């Protein structure tokens, strides 16, 4: 009995692309790389080619009428992956322009077959495949029709054990071509414009023999080439809090309110109105980590990040104990931020992460991603939890008295713990108040505690008697603790 | 590389031989470049090189026909009509122009990568012959 054919999966050398493909590129597959002009097809092809080609198993890159070889070489060599030394050694460019111009698809096929026999390549690229077809159709003198051409090409290249990419401009999935059914793999690149932002997305419409990651995946092109931001994987439920070590918050009294600190690996949402001290709490969290010889990562989504971070965080960044995620563009996707965060966490071996704030985070996203914000955020938090870090997020919240809300995004349920901050009026002063609202699977205080902010950070005040009506923003002091149940309690659940 | 080529051409005993050697070099340039940038690409580079050198060597104006499939017949004819020194200098200048235009487009590193085998082959041939 014969064993099953084993499909080797090639590492494409494009960050994130192998994960999206479902583990790499299947060897000997016959693929179509499609998308509108400017979507990154030629760049992706070159990046894979330079990563995969070796002198023993070389790559042939056929150019046709669609791509001027001189221009293609001129622009592609700007990318870091383009290695001139590999040209004519492991990578060969072959122009089919003259054969294509003649309009006979049959002779184009013959030329490809000749070159494949001559060099026995492991990889074959035809750019653009579609112009071969269009030239044939235009001339009307083809000795073989389109369907035969694709079929014969597929058979030829599979029998020569070549992994093949046909590159073509196709407007969209509605565009029908026999190639779609013949191809083993169908990779679609898209470029979407919404308002003022342009976002590149990739979809693996089909990849025979393996489970790909479904859906649209964002990617970015810079001088290094393409980077694909594969979605992060959902993790299992966290370990019970009592078995986890607790991280100290760096604010005297707050750890006691939290039942001994924030369990490692938890996510904490600090919700409160503007100026209530959320960023200061986040800074204390990072500074306390640094005191305990831990490193951290901050993604600060503010208009002027350097001014907004404050001296504590700025010092931590300068000393290299806290890494920063660059969030200046307004075309980010949640997957991209997650990828950047995880890379930085791994680089520093970080254990504490701050996202300040979710409101700024949402603004930094390209408009097209804002609709899926909640789902993507859930995925990102889960991915961060996988790395074992403890996450603190801040969320801007309008003070609405008579209403207990924590997050405008419905993100409260996503987090393991919540600290709420509010303003209250006491003795003609605007005072700040904080409470631990949620601490999953852990005891915590149910006190509403007043606090103030001085040069050293947040200080939780001594209890100044019993109040009721704190949440309504207009508290009344109780004269006697025997009247009803006290609103402020030292009890812990 | 240009000096080597120049010396290779100068080493020929008469202009006819020089013209033959020049055309052989151009033919190898054709073999090296046309698979990569297409016949039309090489023709365009050749014609541009001729145009640029016409001010120095007005007789290059007669090299008008695009070389079909790597045949440089009109170049051969015009070179053989010149003095040996002029023909050698003009041909070296043409090759230099071609390498320069190509280098401007695709960079000197890739240009060297593509044309080095041509320069090496013709440089070596000369050395071998001069050694005899």
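Coordinate-derived values only; no laboratory data. What you see is a predicted model, and the numbers here were worked out from it, not measured in a lab. Because the Cβ atoms are built from the backbone with ideal geometry, glycine has one as well, and the counts that use them run over all protein chains shown.
Points to keep in mind about this one:
- Inter-probe distance in nm under a simple model that places probes 7 Å from Cα toward Cβ, at residue A:343 and residue B:112: 3.1
- Cα-based shape type of region A:243-399, given that a ≥ b ≥ c are square roots of the gyration tensor eigenvalues and the cut on a/c is 1.5: rounded
- Separation of region A:266-291 and region A:33-87, taken as the distance between their Cα centroids, equals 47 angstrom.
- Normalised contact order of chain A, rounded percent, pairs of Cα under 8 Å and 6 or more residues apart: 14
- Extension gain (nm, one decimal) between residue A:119 and residue A:7, 0.36 nm per residue minus Cα-Cα: 38.0 nm
- Amide N of region A:254-277 lying under 15 Å from the label point, which is placed 7 angstrom from the Cα of residue A:440 along Cα→Cβ: A:262-270
- Residue A:293/residue B:121 FRET efficiency (R0 60 Å; Cβ-Cβ; nearest 0.05): 0.40
- Each residue, residue B:43 and residue B:83, gets one label point 7 Å from its Cα in the Cβ direction; the gap between the two is 3.5 nm.
- The modelled label-to-label distance between residue A:74 and residue A:102, using points 7 Å beyond Cα along the C-beta direction, is 2.8 nm.
- C-alpha long axis of helix A:373-386 to longest principal axis of chain A, angle in °: 90
- Zone residues, region A:95-119, relative to residue A:161, backbone N less than 16 Å from point 7 Å out along Cα-to-Cβ: A:116-119
- Tilt relative to chain A, helix A:105-119 - C-alpha long axis, 0 to 90 degrees, to 10: 80
- Segment residue A:57..residue A:453, full-extension length gain: 136.0 nm, with 0.36 nm per residue of separation and the alpha-carbon distance subtracted.
- DSSP beta bridges in chain A [antiparallel fraction, %, rounded to 5]: 45
- Full-stretch length increase - residue A:375, residue A:181 - with 0.36 nm per residue and alpha-carbon distance subtracted: 66.6 nm
- FRET efficiency for the pair residue A:429 and residue A:194, taken as 1/(1 + (r/R0)^6) with r the Cβ-Cβ distance and R0 = 30 Å, rounds to 0.05.
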